[in-house]
1. Let me test this: with uniform point scatterers at the alpha carbons of the stretch 1-86, what is the Debye-based log₁₀ I(q)/I(0) at q = 0.15, 0.17 1/Å?
2. On the protein heavy atoms, probe 1.4 angstrom, tell me the percent of accessible surface of the chain carried by carbon and sulfur.
3. Among 32, 65, 96, which one moves the most in a GNM of the chain with springs linking Cα atoms closer than 10 Å?
4. Whole-Hz Karplus ³J(HN,Hα) for the stretch 68-81, in order, using 6.51 cos²θ - 1.76 cosθ + 1.60 and θ = phi - 60°, x for Gly and Pro?
5. Taking the solvent-accessible surface of protein heavy atoms with a 1.4 Å probe, what is the per residue accessible area of the stretch 5-48 in Å²?
Amino acid sequence: MKARILLIEDNAQNRYLTKFLLEQRGHEILQAETGPQGLEMAAEVRPDLILLDIQLPGMDGHAVAHALKSDPQLNDIPIVAVTSYAMVGDREKCLAAGAEGYIEKPINPESFVTEVERFLLLPHEDSAP
Ligand code: MN
C-alpha cells in the first residue's frame, strides 16, 4: 500500500533518513520544517498519515497535534509522534494531544517503516470502499 505521508521535522538529517527509508518502500513523502508550515500542508494535500517531531522551534509537536485534531477537516488523519524527548510521561502527553502513535528516536532503520505502516492500516473515516 503506497501512502502519502507528511513529515513535520526541523532537523535536516532526520528528514533525509526518514524520507529515504519511506521512499524505498514506495511511499510519497512531503516535508515541512515547522508546525505552521505542516498545518498548511496538511490542509492542502490531506496526507494519509502525519509523522510529527515533538521538539520543533516555536510551535511544538503537542501544539501541532492539538491543532490538527481540533480541525474537523484534518482530525481523521493519523498522527505518529517521532521524538527523542523520551521523558517519563511524554508518550502519554503525545497521545493526549491527539497522536495515534509514538516512535522513539533514534529511529531504527530495520523496523521504522513497518512501525509507520501499522498506522496506515487504522480505519479511516473517508477511506474509499
Ligand atoms: Mn526537532
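The values are calculated or read from the model by the stated rules, or taken from the named source; none is laboratory data. Predicted, not measured: the structure shown is a model, and the values here were computed from it. Surface areas here come from the heavy atoms of the whole protein model, side chains and all, with no ligands, DNA or RNA. Shrake-Rupley method; radii C 1.70, N 1.55, O 1.52, S 1.80 Å.
1. Log10 I(q)/I(0), no solvent term: -0.48, -0.61.
2. It is 52 percent, rounded to a whole number.
3. Maximum among the listed residues: 96.
4. Those phi angles translate into 5, 6, 8, 9, x, 7, 10, 6, 8, 7, x, 10, 10, 6 Hz.
5. 52 Å²
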